[in-house]
Amino acid sequence: MTRGFNRVRPLEGGFDAWVNAGHEVAGEETLVTVRRRER
Amino acid sequence: MNTLLHRLLRHGISLVFANVFLEQIGAPIPALPTLIVAGALAARGRLQLLALLGAALLASVLADTVWFVVGRWKGHKVLRLLCRISLSPDSCVRQTESLYERRGALSLLFAKFIPGYSTVAPPLAGTMGTSLPSFLLWDGLGSLLWIGAGVTVGWLFRNTVVRALDYLETLGFWALVLLAAGLALVIVVKYLQRRRLLRLLELARITVYELRDLIARGDAPTIVDVRTQSRFQLGHIPGALRMTLEELDEKLADLPREKEVVLYCT
C-alpha cells in the first residue's frame, strides 16, 4: 500500500505482537509498572 | 398459480426465518433477496405481513443474541476470529471498536447497513459490557429497520418481482438449478475476494522484529497508532503518533515523502 511516495505497511499482529515479543512500551501502563518496581 | 410460487407460499415464512437466521449467524447466504421477494408476495396478499416481519425479526435477534452471548463469554478472541474471516483483522477491530466507543449500543440501530460491521457488532456489544435489555432493544430496532427496508423494496416493486418469479417458473426444474448456481457463484466470489485481500495484506505487512531492527539501526519509520485514544494512553510503541486513518493523509503531509509509515492496531 502506498500514499504518495510513502510506503504504508500494517504491523503484523498489531500492538499485542509488539508487547508479546517483549519490546519496550511507552504510556501509563509502563509508568505504573516502573513505579511498582521502584517501590 | 404456478408450482414454484406455491412452494414459496407454503414454506414462505419458514424460508425467511431460516435464511435470515443463517445469514446473521455468519453463513454467506444473502437474506435481502428473500426479504424482497417476501415483501412482494406480502403486497399481493399471499404472505401475511405481520407473520413475515415477526419471523424475520425473531430470526435476526436470535442469531445476534447467540453472538452477543459468545462475545460476552469469549471477549476479544471472538472479535478477532470474526474479523479474520470477514476483513483485515487490524482495520476491522480498530474500526468496530472505535465506532462502538463513539455511538455505543445506538450503533446497533444502523449496524446491518454497514458491510462488515453487521456480523461484528453483536459480539462486540457483548465484549464491551452492554446490558442484555439494551442490546435487545437496539438490535431489535436495527433488525426491524433492515428487514423493513428489504420488505418495502419488494412491496414497491411487487409487479417486477412477481414477473421474475413467473419467468423462473417457466424454466421448471432449471429454475432451482439457476438459483443454486447463483448462490454458489456469490459464495465463490466472496471467498476469492476475501482470500485475495488477506494475501495482499499479508504480503504488505511488517513484522515486529523487522520494525525493531529498523528502530535499532536508526532508520525508524513513522509509526502510527490507529487505536482509540484510551488504549494509546495505556501503552504504545515508543515514538508512535496517535491518529485515526482519516487524519493520516492530512497529518503526514509535512513528513518526508520517502519515509516509510508503519500502522498498528490492537
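The values are calculated or read from the model by the stated rules, or taken from the named source; none is laboratory data. As the structure is a prediction and not an experimental result, all values here were calculated from the model. Here the Cβ positions follow ideal geometry from the backbone for every residue, glycine too, while neighbour counts run over all protein chains shown.
Table for the structure above
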{"quantity": "Every residue from region A:1-36 that is assigned to a helix (DSSP H, G or I), modelled with pLDDT under 55 and within 7 Å of chain B (Cβ to nearest Cβ)", "calculated": "A:Thr30"}
{"quantity": "Search result, residues across region B:139-173 that are among the basic types (Lys, Arg) and more than 19 Å from B:Leu53 (Cα to Cα)", "calculated": "B:Arg163"}
{"quantity": "Residues of region B:183-206 classified as surrounded by 11 or more Cβ atoms within 10 Å (Cβ to Cβ) and at pLDDT 85 or above, total", "calculated": "1"}
{"quantity": "Which listed residue is at pLDDT 75 or above and closer than 29 Å to A:Val19 by Cβ, from B:Ala180, B:Ala220", "calculated": "B:Ala220"}
{"quantity": "Of residues in region B:207-230 being among the charged types (D, E, K, R) and more than 8 Å from chain A (Cβ to nearest Cβ), the one surrounded by the fewest Cβ atoms within 10 Å (Cβ to Cβ)", "calculated": "B:Arg217"}
